[in-house]
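All remarks here apply to the structure that follows.
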Amino acid sequence: MRLLVDQLHKLEDRLREGGGLARIERQHLAGKMTARERVLALLDPGAHFLEVGLLIAYDRYDGQAPSAGVVTGLGRIEGRPAVIVANDATVKAGAWWPETITKILRAQEIAMKNRLPIVYLVDSAGVNLPYQDGIFPGQYGAGRIFLYNSLMRRKLRIPQIAAVMGPCIAGGAYLPALSDVIIMVEGTSFMGLGGPNLVKGATGQVIESEPLGGAHLHTAVSGVAHYMAKDDADCLALIRQRFRQFPAPAAPQGHSVPPLRDASEIYGVMPADHRLPYDIEEILFRIFDGVDYGEFQPEYAPEMLCANARLCGRPVSVIANRRGFMKVRGRPRIGGIIYAESARKVAYFVESSERLGYPLVYLQDVSGFMVGPDAEREGIIRAGAEMVETMACATVPKIVITLNHASGAGYYAMAGQGFDPNFTFSWPTARIGVMEGDSAVVALYSAELEKCKGGPLPDELRQAIEKTRADYERWLDARYAAARGHCDALIDPLETRNILACALEASCDSNR
């Protein structure tokens, strides 16, 4: 675990440098902060920034698109949780890659799901033209950003503040235009459907950037923007001032009690081999408060743990998979597998939590649902459907942490990403996929292996099997999943309690 965490931190540090030190210096020489400096200056002093999608696209485009050129996440502004989207102009002048759209849409979805104000710090050259086919068209292309802008503004009444702190060109100009408040920075902002070169090509007119779409034009002549700031710091101060004008945030939750066990020892809980068992309570008692923990039906279907707990004083309902081998009424049970009894137990527990208004925290280490004649006679399909349906229809916040396996339909039943949980996080040990590599080999090559009857394998078959195993190991790597947006963030296990507290505050206190 420590090795995986160290590798993660090194990768994160590299990605946070954006386009590199030379481009950061160029940004400073232009009198501008970088995207991350802007975010840090906007947040309350000492506030944690929960970054979403840091690893997105890190292994694509020959490493030229760190974080897809946009910083997205959750932080506290004037005591209130808020979503922030900041274009990173050190990466291809803040141009949009296909994954940039994915990250902006996810940030907007977090704002809509949790009823959080959202701030756009715009500094972008627009569409990265060589990749326009993955950016411009389609149901989840750039146009959906503007759909979400409109829904938040007209229907959901979620505050949107746009600060144009650099270029904002072509269709991208509709993002601030569809926000509630637009702030521009004197001397550095530009907002227009076409820049000087495009205007010259389209109309033959020769004009400079400032009179075409600068801060003075849009605040004094066109009326498109609402406020003009002197510089980046003044712009961020205006945003904070706007936040102070919102209704007071919710009062803090009850008294927080430290966990029963030392969180610094959490690295040692998970075995090095992902197939080996461990004690799930060794994780729970290092994350949740050391009071008011009570397991629901501990002796019935024990492979699924359902418990009431508190996190930083807030009551929550916890659903987790136990690993290892157990006996129930003299019959063996395999941890990580969902049986008909355990599915019905979880369904009832989720229904009870929904009635009480308790948020659901899922800790995934699931290999799937039980198969075979006994399982089918016990109605595993119907029981699984009940588990999925109650989770899918629950209106309380749902937060997911993938600890280890997240395989098969069990991944879906444990509030998988397709069911719109409020937040999804993964440990570096997470393995998200339909099945493990060895299972895939059996499924794909069973007929050929049967023909060999334990003898030597033909070279072609052996190579195909090795390639399948290698492919699955790559696909199941937690960094691979994070790079494709299959979780909101890959997190250090030591930070689990703090990150959960941040996510719960955002999803519980802002629904008003």
In Å, what Kirkwood hydrodynamic radius results for region 157-230 from the alpha-carbon pair distances? 12.3 Å
So if the hydrodynamic radius of region 30-75 is defined as the Kirkwood radius over C-alpha pairs, what does Stokes-Einstein give as its diffusion coefficient at 25 °C and 0.890 mPa s, in µm² per second? 207 µm²/s
For q = 0.21, 0.26 Å⁻¹, what log10 I(q)/I(0) does region 399-476 give under the Debye formula with an equal point scatterer on each alpha carbon and no solvent? -0.90, -1.17
Determine, for each peptide in 454-462, 120-128, the mean count of other beta carbons within 10 angstrom over its residues, then list the peptides with the highest first. 120-128, 454-462
Nearest 10 degrees, 0 to 90: what angle lies between the long axis of helix 98-114 and the longest principal axis of the chain (Cα atoms)? 80 degrees
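Take the alpha-carbon positions of region 89-182, form their convex hull, and give its projected area averaged over all directions (one quarter of the hull surface) in nm².
Reported value for the Cα convex hull: 5.4 nm².
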Kirkwood radius from Cα pairs of the chain plugged into Stokes-Einstein at 25 °C, 0.890 mPa s, gives D in µm²/s equal to 99 µm²/s
Quick one: Debye curve from the C-alpha atoms of region 463-512, no solvent, what's log10 I(q)/I(0) at q = 0.28 Å⁻¹? -0.99
For the chain, the longest principal axis of the Cα atoms and the Cα long axis of helix 340-356 enclose an angle in degrees, to the nearest 10, of 40 degrees
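Given the chain, what percent of its DSSP beta bridges are antiparallel, to the nearest 5? Numbers along the way, then the final one.
Details: 25 of 67 bridges.
For the chain, the DSSP antiparallel bridge percentage is about 35.
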Between the helical axis of 232-244 and the dominant principal axis of the chain, each derived from Cα atoms, what acute angle in degrees is found, rounded to the nearest 10? 60 degrees
Suppose the Debye formula is applied to equal point scatterers at every Cα of region 329-387; what is log10 I(q)/I(0) at q = 0.15, 0.25 Å⁻¹? -0.49, -1.08
Using the reciprocal of the averaged 1/r over all distinct C-alpha pairs, how large is the Kirkwood radius of region 224-322 in Å? 17.4 Å
Sort 436-445, 403-412, 492-501 for me by packing, meaning the mean count of neighbouring Cβ atoms within 10 Å per residue, highest on top. 403-412, 492-501, 436-445
Loop sites in region 294-353: chymotrypsin sites (Phe, Trp or Tyr not before Pro), DSSP, at most 16 other Cβ within 10 Å: Tyr300
Could you derive backbone 3J(HN,Hα) for region 10-24 from the dihedral phi with the Karplus parameters 6.51, -1.76 and 1.60 (θ = phi - 60°), listing whole Hz in sequence and x where the residue is Gly or Pro? 5, 5, 4, 4, 5, 5, 5, 6, x, x, x, 4, 5, 6, 4
If you average 1/r over every pair of different alpha-carbon atoms in region 282-417 and take one over that average, what Kirkwood value in Å do you get? 14.8 Å
Which value in nm describes the separation of the simple spin-label points at Arg2 and Arg60, placed 7 Å from the Cα toward the beta carbon? 3.6 nm
Rounded to the nearest 10 Å², the 1.4 Å probe accessible area of Asp180 is 60 Å²
Using only DSSP helix segments of four residues or longer, with each worth -39500 (n - 2.57), what per-residue ellipticity at 222 nm results for the chain after dividing by its residue count and rounding to 500? -11000 deg cm²/dmol
Alpha carbon Rg of region 375-512, scaled by the compact-globule rule 2.2 N^0.38 Å: 1.34
How are the C-alpha pair distances of region 24-169 spread across 5 Å bins, as whole percents from the shortest bin up? 2, 10, 20, 23, 22, 15, 7, 2, 0
Rounded Å value of the spacing that divides the Cα centres of region 120-149 and region 152-225: 16 Å
Go ahead and run the numbers for FRET between His28 and Ser209, Cβ-Cβ distance against an R0 of 22 Å, rounding to 0.05. 0.60
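The values are calculated or read from the model by the stated rules, or taken from the named source; none is laboratory data. Computed from a predicted model, the values in this text were never measured in an experiment. With ideal geometry, Cβ positions are generated from the backbone for all residues, glycine too; neighbour counts draw on all protein chains shown. Heavy atoms of the whole protein, side chains included, go into the accessibility calculation; ligands, DNA and RNA do not. Shrake-Rupley method; radii C 1.70, N 1.55, O 1.52, S 1.80 Å.
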